[in-house]
1. Which residue out of A:ASP80, A:ASP64 is away from chain B (no Cβ under 12 Å) and open to solvent by 40 Å² or more (accessible area, probe 1.4 Å)?
2. Restricting attention to segment B:108-121, which residues are more than 11 Å from every other protein chain (Cβ to nearest Cβ), part of a helix (DSSP H, G or I) and open to solvent by 60 Å² or more (accessible area, probe 1.4 Å)?
3. I'd like to verify a number: residues in segment A:3-18 that are open to solvent by 70 Å² or more (accessible area, probe 1.4 Å), over 13 Å from A:ARG52 (Cβ atoms) and not acidic (Asp, Glu), how many?
4. Spot the failing condition for A:LEU47; the list is (1) in contact with a Pro (Cβ under 9 Å, 6 or more places away or on another chain); (2) in a helix (DSSP H, G or I); (3) within 14 Å of chain B (Cβ to nearest Cβ); (4) under 27 Å from B:GLU42 (Cβ atoms), and only one is missed.
5. Mind counting the residues in segment B:89-112 that are under 17 Å from A:VAL100 (Cβ atoms) and in contact (Cβ under 8 Å) with a residue 60 or more places away in the chain?
6. Sort out which residues of segment A:21-32 are more than 11 Å from every other protein chain (Cβ to nearest Cβ) and either within 23 Å of A:ASN111 (Cβ to Cβ) or at pLDDT 90 or above (or both), and write them in order of number.
7. Show the residue pairs that are 6+ apart or on different chains and have beta-carbon atoms under 7 Å apart, the first residue being within segment B:122-136 and at the interface with another protein chain (Cβ under 8 Å from one of its Cβ atoms), the second being part of a loop (DSSP other than H, G, I, E, B) and open to solvent by 70 Å² or more (accessible area, probe 1.4 Å).
8. For residues in segment A:188-240 being in contact with a helix residue (DSSP H, G or I) (Cβ under 7 Å, 6 or more places away or on another chain) and part of a helix (DSSP H, G or I), which is most open to solvent (accessible area, probe 1.4 Å)?
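The values are calculated or read from the model by the stated rules, or taken from the named source; none is laboratory data. Nothing here was measured: the structure is a model prediction, and the numbers come from that model. With ideal geometry, Cβ positions are generated from the backbone for all residues, glycine too; neighbour counts draw on all protein chains shown. Areas reflect the complete protein model, heavy atoms only, side chains present, ligands, DNA and RNA absent. Shrake-Rupley method; radii C 1.70, N 1.55, O 1.52, S 1.80 Å.
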Amino acid sequence: MTTLTYQRPTSLREALETGGSDGARFVSGGTDLMVQRRSGRSGTENLVSLRRVEELAGIDWKNDQLRIGAAVPLAGIGADQRIARDFPALAQAIAALGSVQIRNVATLGGNLCNASPAADTAPALLAYEARIEIANTGGTRTVGLDEFFTGPGSTVLQPGELLTAILLDARQSAGSAFMRLGRVRMDLAIASAAALVEIEDNRCTHARVAVGAVAPTPLRLSAVEEILEGKAPDGPTLAKAQAAVDALISPISDLRASARHRRRITPVLVARALEAAISMATGDAQ
Amino acid sequence: MNRVTFTLNGRSTVAVVDPHKRLIDLLRDTLGETGTKEGCGEGECGACTVLVDGRAVNSCLYPAPEVEGREVLTIEGLADSRGKGLSPLQQAFLDNGGTQCGFCTPGMVMAAVDLLRRNEHPTRADIQTALTGNLCRCTGYVQIFESIEAAASATNGGES
């Protein structure tokens, strides 16, 4: 029988000291890890629960800067009215993720650290240029989310390091949206896309586009952003942006969909996310 | 082994569990409370739904040692909490044919308790969203939705 310990630190310092030891692994909501353990994909010996760590449990605003503690349950983020207003693509991604039961325990930190290419919150957070706060016993560092993922299931986190918070800056004049295609509601995405735009005088002054489940990691589409910036947000521009998606993605075939299907639908999801974001930025949706 | 002290259906409970056990193992195997069912064991089907600190969770994904100091409500706690008979929500499932083979029912009821505590008069769409994580292979869901609607319209929430 596997000999596991399960520890419940209440402070960040205690969590980092416990989690830095051999064979230890941090767990927050556990909705991925508990399934991986059951199917033998995780041989973890010692779990360090983050659910009671006070420093990871808060949603804090300082002016337009938002800090979401890594262990805040997704349901708590999804219920936050100001997040829904300022970061609608994130709220939409959370609403699309799993079930009520999953969202009541699963966390933003866990969704990112599990590093699934299909993680629903990742494209939205990439479009918002989220930064990730990482701590170990020696201190903290911050990396852009676009540098965080290194491959399926892997991140820049080193042993003993802990993702402590997700940092976001609200852009008050921006419009943003998240789109996802799945076989059914309770399934991983076949593909997903998020977009953020700012429009001034019928010109797109700022664009961020990201996709999920179509590359080894969630992916920013900088080449698509460059097509949009400086142009009128009209049909021809959107068509060019949509046409540029295919060359940037590298989807696989799996039980959910074929690579060919993913190549067909991803540009459509990108275009729909952009249309929704443009509509919000120009006030059409209000 | 971990010793955990928590509140189960209103009663203070002490149990000794292997640290790698899940809440559903603690409930069913250690404490003999077999009303909570295990379907998929992967958080997909919702048959194992219980409330922890008032929120619906999959007990098959919830580490047993994590209940330390928390409040757990299972299907057994609904009728007991009223002293006699079924809760209005349970009765509504019975009256409206919301149960067929019955295996998913405890999870459906607990997910509905979570919904009705937060939203006393849910729309059909609210109910469908709340039950996204609960599978039923018999009823086709319609009678389940009707049961929850009946409970919501009969009282100010099926549990109370």
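1. Working: A:ASP80 fails: open to solvent by 40 Å² or more (accessible area, probe 1.4 Å).
Among A:ASP80, A:ASP64, only A:ASP64 is away from chain B (no Cβ under 12 Å) and open to solvent by 40 Å² or more (accessible area, probe 1.4 Å).
2. First, pick out the residues of segment B:108-121 that are more than 11 Å from every other protein chain (Cβ to nearest Cβ): B:108-109, B:113, B:116-117, B:119-121.
Still in the running and part of a helix (DSSP H, G or I): B:108-109, B:113, B:116-117.
Passing the criteria: only B:ARG117.
3. Qualifying residue count, segment A:3-18: 2.
4. (2)
5. Total meeting the criteria: 7.
6. To start, the set of residues in segment A:21-32 that are more than 11 Å from every other protein chain (Cβ to nearest Cβ) comprises A:21-26.
Correct list: A:ALA24, A:ARG25, A:PHE26.
7. Going by the 7 Å Cβ cut-off, the qualifying pairs are B:THR132/A:ARG185.
8. Checking each candidate, the answer is A:LYS240.
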